[in-house]
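A.B. asks: Let me begin by handing over the structure; questions about it come next.
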Amino acid sequence: MALSVSLIRQEDSIPRPTARSVRHKYDFFTLDVTLKEGRRLAIRDKCGTSDPYVKFKFDGKQVYKSRIVYKNLNPRWDESFSLPVDDVTKPLVLKVFDYDRGLQDDPMGQAYIDLASLLIDRKEEFKVDLEDPHVAEDLGYLLLDLTLVPKTSDEKEEYLAKRNRLVETQRSMKAQIWSSVVSLVLIEGKGLLPMDDNGLSDPYCKFRLGNEKYKSKVAAKTLNPRWLEQFDLHMYDDQTSVLEISVWDKDVGSKDDFMGRCQVDLSELKREETHHIEKELEDGAGSVSFLLTITGSAGNETITDLANYMPDPRERLEVQRRFSLLRSLRNLNDVGLLQVKVIKATGLLAADFGGKSDPFCVLELTNARLQTQTIYKTLNPEWGKVFTFQVKDIHSILEVSCYDEDRNKSAEFLGKVAIPLLRIKNGERKAFFLKDKKLRRRTKGSIVLEMEVIYNSIKASWRTFNPKEVKYLQMEQKFKRQVLVRNLQRVSRLVMAVVNTGRFVKSCFEWESKTRSITAFIMYVLMVWNFELYMLPLVLLSIFFKYYIVRSVMEGRTDQQEEAEEEEQDEDEDDEERGKEKSKSFKEKLQAIQDVCQTVQNGLDEVASLGESVKNAFNWTVPFLSWLAVITLAIATVVLYFIPLRYLVLVWGINKFTKKLRNPNAIPNNELLDFLSRVPSDEELIEYKELKS
C-alpha cells in the first residue's frame, strides 16, 4: 500500500522505537489525533470553493467525523480525538468530502497512514497528501499531529473500563455530559429569496451544533417569516463551537430548495447573557433574527456558581453609583440590575420512573433567558447558582420555571412562579410555592430564591411612559368556554360600574334623596361657575387620595374567598376538558366558529384588562405607579394653572409632528396607554399572587 505521508516535525529528538519494533511487547495502543488544517483542497462547488470535512476510519469502522468548514479551500479544524488501536499493522484511513445539501457528498481525496511506522510516545506532525486513483489533479494535503502511546495489560483494562463507563453515562444520561446549553429563540426572517412560481417561498430553518440538530416549522407563502420558536442545543467540550444555520424552501413532492446559510462562532459570545443577533445569509438574500444565550454551565469553575461568588463591596458601590439619581440622564434604557440566587427546590413532582426527576431551572425576564445545570435523579435539587439580568423596565415580571430533562424529548414542565420586580425584597431568602403553566393552580414543590434589584427611579418612571418591550414567546391563547365566560363577566362588571354611576346621577336629578340631590346641585353650581382647566387633574388627584385612605379596606378580602373562586375556576376547566370533541372531524367543522369565538374572547380580554388597569391604578395596587400618577397629575395642575392651554397643545402637536424627523426609528405611542399597560389587570394579579403554605 503506497504511503502519502511525510513527517514535518517531531516533539523532541530523543531516539524512540517504532510501533512495529515493539508490537511483540505491546498488544494495545492509544492513538491521539489532532486534525489541524487543510491546504489547497480541491474545488467541488460551482462557486469555486468547497465545504470540506474529514472522516477517519480504522479497521473498517468510522472512528471520527470532523465538522464542516463552509466555503473554504484552506480549512482549519483544530479538532482532537483519541482511539484505541489493537493492531498497528492496520492503517488509519482519512477521507475528505465536500458537503452537498440534499445530494451525495463529493469525494475530495483520501490518504492512508501506516501506524506501525510511528514512533511511540512522541508527538509528530505530518503532512498528508490527498490522492484519488480516478482523478489526476492535485487534491491538496492535510496537516495533523499523531501520538501513539503503548499500553500495558493493566492500562488497557483501565482505559477500556473508563471508555465503557463514559459510553454508559452518555446512554443513561445520569450525569451532565454537556458543558453548556445554547438556548435559542428563532424570531423571524427578512427579505428572503422567492423560490416558488408565485413569487413567494415556504421557508424553514435548520440549526446544527456538533451532532445536534433542530428543524423549525414551515412558514407558508411568505418572504418575511415569523417563527417564534424556542429550543435548546448542547455544547460539548470536545466538539465544535460553531452554530450552523441554513434556510430552506419546503417543496411538496420534490427536494427542498436551499435559500441561504450563516454561521455563529459561539466562542466569541459572552456567556450567561442573552444576545439579539441578526445574521445576513451568505448564499442568498435576506437575514435571520434570533435570540441566543449560552447558559446552564455545570461545575464549580463557572462564574455563576455560588461557591465561587464573593460579594465585592466596591462593585456593589459602583452599581449603586451607576443607578444613582445623579446619573438619571445617562443611558435612559439602562434602568437597573437584577441579581437572582437560585438556591434549591424541594418536593418537586416526580416525572420519571422510580419516583425521581432530573430537574433544571429556567429564569426569564421578558426576552432574557438563563438556566441552571441539571441535577439528576432527585426531587430536592440544590443548584447554587447566581444570575444577573439587565433591567430595561422595572415593571417586568421574572418568571422562574422548573423542568424535568428527558433525553431525546422535550423537557417536562414541573412548576412555575411569576415575580414582579417591584415586589422583590432585597436580600430576603424566600421559598416560593410553584404553580401550573397558567399560574392559577398550585402544583407540587417550592423553590428557594434570594433576589436583589437596584434601579433608578427617574429612568424607571420615564420608561413607564414609553412602549412596553414585546415578549416574543408567549403562551398561545386558545378558545375555551370558561375563558370566554370569565372575560364576559369581567366586561360585565365594568359595564355595571358605568351603569351604576349613571343611575346615581339619575337619582340626583329625580330627587330620590333630597339631601343627596341638594348637595349635588350645590356642588354642580360651584364647579361650573368656578371651573378652570387645572381643576381637572385636581379631581383625579382627589380620587387617588380617596382610594389611598380606603386602601386597607379594599385589601380586606379574605384568602378563603379567593381560594373559593379559584376552585370554581378549576372546576370550570375540568368541565371543559371533559367536554372536548370526541372526533377530529368534528373539531375541523367547528374550527371556523372557534376562530371567531377566539377573536371575541381576546377582544373582551383586552377591553376588560384596560378597564381593570384603570381601576387598579386608582386602587394603589402598584404603589409605584399610583405615586407616579399622583406626581404627574400634580405637575399637570401647576402647568395648567400658569400656562395657557393653547401653548400646551401647540407644544404637544410640534412634538408629535417632528418626532419621526428627530428619531426615524421612534415607535409611535400613546403615553397614557403605555402607562396603563404597566398596571396589572385582575387576571394578572391572580397570576402574580404568592401562594401560602
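The values are calculated or read from the model by the stated rules, or taken from the named source; none is laboratory data. None of these values were measured; they are calculated from a predicted model. Backbone-built Cβ (ideal geometry, glycine too); neighbour counts: all protein chains shown. Side chains are part of the model used for accessible areas, which takes the heavy atoms of the whole protein and leaves out ligands, DNA and RNA. Shrake-Rupley method; radii C 1.70, N 1.55, O 1.52, S 1.80 Å.
Yes/no matrix, rows are residues, columns are (1) open to solvent by 60 Å² or more (accessible area, probe 1.4 Å); (2) charged (D, E, K, R):
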{"position": "F465", "(1), (2)": "no, no"}
{"position": "Q489", "(1), (2)": "yes, no"}
{"position": "R503", "(1), (2)": "yes, yes"}
{"position": "C508", "(1), (2)": "no, no"}
{"position": "T515", "(1), (2)": "yes, no"}
{"position": "M523", "(1), (2)": "yes, no"}
{"position": "P537", "(1), (2)": "no, no"}
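A.B. asks: Would you mind finding the one in A136, A111 that is small (G, A, S) and buried (at least 16 other Cβ atoms within 10 Å of the Cβ)?
C.D. replies: A111
A.B. asks: Which ones in region 395-454 are open to solvent by less than 30 Å² (accessible area, probe 1.4 Å), in contact with a helix residue (DSSP H, G or I) (Cβ under 6 Å, 6 or more places away or on another chain) and not in a strand (DSSP E or B)?
C.D. replies: Result: H395, S396, L439.
A.B. asks: A further question on this structure: Read through the list (1) over 27 Å from the mean Cα position of the chain (by Cα); (2) assigned to a loop (DSSP other than H, G, I, E, B), then give the number of the only condition that E469 fails.
C.D. replies: Unmet condition: (1).
A.B. asks: While we're on this one: Quick one: would you say Q594 is open to solvent by 30 Å² or more (accessible area, probe 1.4 Å) and of a type in the set (S, T, N, Q)?
C.D. replies: yes
A.B. asks: Within region 203-215, count every residue that is touching a Lys or Arg at 6+ places or on another chain (Cβ under 8 Å) and either open to solvent by less than 30 Å² (accessible area, probe 1.4 Å) or of a type in the set (A, V, I, L, M, F, W, C) (or both).
C.D. replies: Step one: filter region 203-215 for residues touching a Lys or Arg at 6+ places or on another chain (Cβ under 8 Å), giving 203-207, 210, 213-215.
Now restrict to residues that are either open to solvent by less than 30 Å² (accessible area, probe 1.4 Å) or of a type in the set (A, V, I, L, M, F, W, C) (or both): 203-205, 207, 210.
Looking only at that region, the number is 5.
A.B. asks: Output the residues belonging to region 78-108 that are closer than 28 Å to D138 by Cβ, open to solvent by less than 10 Å² (accessible area, probe 1.4 Å) and of a type outside the set (D, E, K, R).
C.D. replies: Once the filter is applied, which keeps residues that are closer than 28 Å to D138 by Cβ, open to solvent by less than 10 Å² (accessible area, probe 1.4 Å) and of a type outside the set (D, E, K, R), region 78-108 yields L92, L94, V96, M108.
A.B. asks: Just checking, which of L640, L633, L672 is modelled with pLDDT of 85 or more and open to solvent by less than 40 Å² (accessible area, probe 1.4 Å)?
C.D. replies: L633
A.B. asks: Do you know which residues across region 118-134 are more than 28 Å from D27 (Cα to Cα) and assigned to a strand (DSSP E or B)? Explain how you work it out, then say what you get.
C.D. replies: Taking region 118-134 and keeping what is more than 28 Å from D27 (Cα to Cα), we get 129-134.
Scanning region 118-134 gives D129, E131.
A.B. asks: Output the qualifying pairs, or none if there are none: Cβ atoms under 6 angstrom, residues six or more apart or on different chains, first residue in region 426-454 and over 15 Å from F387 (Cα atoms) and polar (S, T, N, Q), second residue open to solvent by 20 Å² or more (accessible area, probe 1.4 Å) and part of a strand (DSSP E or B).
C.D. replies: Close Cβ pairs (under 6 Å, with a partner that is open to solvent by 20 Å² or more (accessible area, probe 1.4 Å) and part of a strand (DSSP E or B)) amount to S446/T346; S446/A431; S446/F433.
A.B. asks: Residue check: is F290 aromatic (F, W, Y), at pLDDT 85 or above and more than 30 Å from L200 (Cβ to Cβ)?
C.D. replies: Considered against the rule, which asks whether it is aromatic (F, W, Y), at pLDDT 85 or above and more than 30 Å from L200 (Cβ to Cβ), F290 comes out as no.
A.B. asks: If V630 meets every condition in (1) under 28 Å from the mean Cα position of the chain (by Cα); (2) assigned to a helix (DSSP H, G or I) apart from one, which number is that one?
C.D. replies: Failed condition: (1).
A.B. asks: Let me ask another. Given the options V528, V498, V550, name the one that is open to solvent by 60 Å² or more (accessible area, probe 1.4 Å), among the β-branched types (V, I, T) and closer than 25 Å to K615 by Cβ. Spell out how you get there, then give the answer.
C.D. replies: On the way: V528 fails: closer than 25 Å to K615 by Cβ; V550 fails: open to solvent by 60 Å² or more (accessible area, probe 1.4 Å).
Just a single option satisfies the conditions, and that option is V498.
A.B. asks: Which condition breaks for V525 when tested against (1) part of a helix (DSSP H, G or I); (2) touching a helix residue (DSSP H, G or I) at 6+ places or on another chain (Cβ under 9 Å)?
C.D. replies: Unmet condition: (2).
A.B. asks: I'm trying to understand the selection: among the residues of region 381-394, which are open to solvent by less than 20 Å² (accessible area, probe 1.4 Å), in a loop (DSSP other than H, G, I, E, B) and either in contact with a Gly (Cβ under 7 Å, 6 or more places away or on another chain) or within 28 Å of M310 (Cβ to Cβ) (or both)?
C.D. replies: P381, I394
A.B. asks: Pick from region 154-212 the residues that are small (G, A, S) and at pLDDT 85 or above: which of them is nearest to the chain's Cα centre (by Cα)?
C.D. replies: Going through region 154-212, the residues small (G, A, S) turn out to be 161, 172, 175, 179-180, 183, 189, 191, 199, 201, 210.
Subset that is at pLDDT 85 or above: 183, 189, 191, 199, 201.
Working: S183: 6, G189: 17, G191: 24, G199: 33, S201: 27 Å.
Among those that are small (G, A, S) and at pLDDT 85 or above, it is S183.
A.B. asks: Okay, next question. Strands (runs of 3 or more DSSP E) wholly in region 293-380 with at least 1 residues that are touching a residue at least 60 places away in the same chain (Cβ under 8 Å), aromatic (F, W, Y) and open to solvent by less than 40 Å² (accessible area, probe 1.4 Å) - which ones? Walk me through it before giving the result.
C.D. replies: Details: elements: 336-346, 359-365, 368-371.
Counting at least 1 such residues, we get 359-365.
A.B. asks: Determine which single condition L119 fails, assuming it passes every other condition in (1) open to solvent by less than 50 Å² (accessible area, probe 1.4 Å); (2) touching an Asp or Glu at 6+ places or on another chain (Cβ under 9 Å).
C.D. replies: (2)
Let's see how each residue does on (1) open to solvent by less than 60 Å² (accessible area, probe 1.4 Å); (2) among the hydroxyl-bearing types (S, T, Y); (3) modelled with pLDDT of 85 or more:
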{"site": "K217", "(1), (2), (3)": "no, no, yes"}
{"site": "A220", "(1), (2), (3)": "no, no, yes"}
{"site": "E244", "(1), (2), (3)": "yes, no, yes"}
{"site": "W248", "(1), (2), (3)": "yes, no, yes"}
{"site": "S254", "(1), (2), (3)": "no, yes, no"}
{"site": "D257", "(1), (2), (3)": "yes, no, yes"}
{"site": "C262", "(1), (2), (3)": "yes, no, yes"}
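Rundown of residues vs (1) over 19 Å from G210 (Cα atoms); (2) assigned to a loop (DSSP other than H, G, I, E, B), yes/no style:
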position: Q62; (1), (2): no, no
position: Y70; (1), (2): no, yes
position: L73; (1), (2): yes, yes
position: D78; (1), (2): no, no
position: K90; (1), (2): yes, yes
position: V93; (1), (2): yes, no
position: A111; (1), (2): yes, no
position: A116; (1), (2): yes, no
